[in-house]
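Below you'll find the structure, written out as structure tokens, and then a few comments.
The values are calculated or read from the model by the stated rules, or taken from the named source; none is laboratory data. For clarity, every value in this text was computed on a predicted model and none was experimentally measured. Cβ placement follows ideal geometry from the backbone for every residue including glycine, while neighbour counts extend to all protein chains displayed. These accessible areas exclude ligands, DNA and RNA; they are computed on the full protein's heavy atoms, side chains included. Shrake-Rupley method; radii C 1.70, N 1.55, O 1.52, S 1.80 Å.
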Amino acid sequence: MSDERFEHDLEQVLREISGGDPPPSLRYRLNALVAETEPDWRLRFAPPLQLVTATVALAGVLVLALLLVPGDALGPQSSATPTPAGVSPGDLPTPTPGPSTPSSQLPSSAPVPTPSPPDGQSVQPSVQPSVQPSVQPSLVGLDWSDGVIDDDTDPGYPGMEVVRDITAFGQSFVGVGSVERPDGMIEKTFFSSSDGLHWTQTYNVSTADGPVPFRLVRLGTTLLAVDEQDTCSGCGSGAPILWWSRNVEWGWGQYKSALWTQTWDGGTLADMEAGQQGVVAVGRDPSGNAVILFSDDGSTWTRASLPDSPDGTSVSDVAATGAGFVVVGQAGTADGHGRPGAWYSADGLTWRAGDVHGVPAEGMGLHQVASGRDGLFAVGSASTAPVTTEFGWTSQDGRVWERAGKLGEDLPAASVLADDGERIVIFGRESAVSDQLGAWISTDGTTWSQARFSGSDDVPLASSGVDDRARITGAWMVPGGVIVSGSGPQLQVFWFASWVEPEG
């Protein structure tokens, strides 16, 4: 190929790209490129390699052209940006959250909910799941400790302690619950443990059979605990106490908030969860309407508005994700039937309705949600008396939810659901005809792997059996494994099940 022909072809390509004469910068670069290619240098290569050399030179100039030619000459450009990874939540041990999505990337409008079926048509849920779950070979195991009955507390009352919730804090674990004294008096009790098995009382408050702490979360360097609702006879319906501590050995204080008291005095607090942005509390206000409160420090609260929430809407559970928060519940419908509902937020204050696929039915709603590294898993039910059918839903980010099937048929039967932002774990019956405990693990709620058990054979049952063995009542995922509690004859038993990662 001659130099003149080569230059002519290049100029023709550049004109087609730029829509006119090539910019002077490209013409200058073209001349310099040709000038640098001396005849005696080109003659050193055989003809096939001359073609390769020319092709490489042409590619270099075309790349340069694409960088210098104005964008409107090349057509529309994408403005999408990759989602940044989540930020580590602090200096205390906690699993690494999944990827986060900044609020600027949330859609500006909520998805349109699936319309209700016309009058006269069946409102029974479809049996066919929209997402087919799969069970993969076991890749992760749980190595169980021997069960420990908590009978060494100080000033312990053997068999009378009840730990309701647990979280990791510093280099130990903290629990909340109650203890019954020999005289029958109930005390609010805060516990600590170095191994998750043996618990020591660190702070007690007499309650005269009143409410006790049932929920415990960690917000940065602060622990927050909240009492269950006051339902004792003659006690009224006061707002549950919100406790806080930064050093459990020094004791616990109470946060006072006018909005907190006004919202829950006569209302119902369902759940509370802390995330990177703050803490969210969900439930119903005294009028029976769904309510969400948000705080960035646990002491000052703001009520958030919930879109697309007609009468009959309720929220029952909240989960923190790498991108913010997700709440689930029941969206009200004009015909009085329930529709499974979910809402998501990047900051705990601005919420948008998710699109939950599912036909309205009596009692239909979502009542528990768990967060994994690659998605979310929710449990819901349809109450068609006298049978209540439980279903599972999955979502990648809380915006669109697909029903994955029935628990116990398409999905494992769930006695206890636990998560840590990385893994989701279902504890339930090993098989439909057995009370033996099994565990299934997922990062997205769709693909599940049954965990191999090792270590102690003394594990709790999935449900009440014919013998005196304890049945599972709770599970809390902590660094290194899972703390599991079981309820036996007037006793609470604890196990620590350590993760066993796959070899290689």
Task: When residues of segment 397-418 are limited to those that are touching a Pro at 6+ places or on another chain (Cβ under 9 Å) and not in a loop (DSSP other than H, G, I, E, B), the one farthest from Gly354 (Cα to Cα) - done: Leu411
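Quick one: how many residues across segment 443-501 are acidic (Asp, Glu) and under 20 Å from the mean Cα position of the chain (by Cα)?
1
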Task: Subset tally (residues that are in contact with a Gly (Cβ under 9 Å, 6 or more places away or on another chain) and either assigned to a helix (DSSP H, G or I) or open to solvent by less than 40 Å² (accessible area, probe 1.4 Å) (or both)) for segment 254-265 - done: 3
Task: Odd one out for Trp476 among (1) in contact with a Ser or Thr (Cβ under 8 Å, 6 or more places away or on another chain); (2) open to solvent by less than 30 Å² (accessible area, probe 1.4 Å); (3) outside any loop (DSSP other than H, G, I, E, B); (4) closer than 27 Å to Val174 by Cα - done: (2)
- [ ] Give, as residue ranges, the strands (runs of 3 or more DSSP E) completely inside segment 158-216 that count at least 1 residues that are open to solvent by less than 30 Å² (accessible area, probe 1.4 Å) and either more than 23 Å from Trp495 (Cα to Cα) or in contact with a Lys or Arg (Cβ under 7 Å, 6 or more places away or on another chain) (or both).
- [x] 161-169, 172-180, 186-193
Open item on the list: So, Arg469, is that one crowded, with 17+ Cβ neighbours inside 10 Å, without any contact (Cβ under 8 Å) to a residue 24 or more places away in the chain and touching a strand residue (DSSP E or B) at 6+ places or on another chain (Cβ under 6 Å) or not?
Closed with: yes
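This table checks each residue for (1) surrounded by fewer than 19 Cβ atoms within 10 Å (Cβ to Cβ); (2) of a type in the set (A, V, I, L, M, F, W, C); (3) modelled with pLDDT under 95.
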residue	(1), (2), (3)
Gly372	no, no, no
Leu407	no, yes, yes
Ala414	no, yes, yes
Phe427	no, yes, no
Gln436	yes, no, yes
- [ ] Would you be able to tell me the number of residues in segment 208-261 that are under 22 Å from Pro286 (Cβ atoms), at pLDDT 85 or above and hydrophobic (A, V, I, L, M, F, W, C)?
- [x] 8
Open item on the list: Please go through segment 407-429 and give me each residue that is over 23 Å from Gly481 (Cβ atoms) and free of Cβ contacts under 8 Å to residues at least 40 places away in the same chain, ordered by number.
Closed with: Leu407, Gly408, Glu409
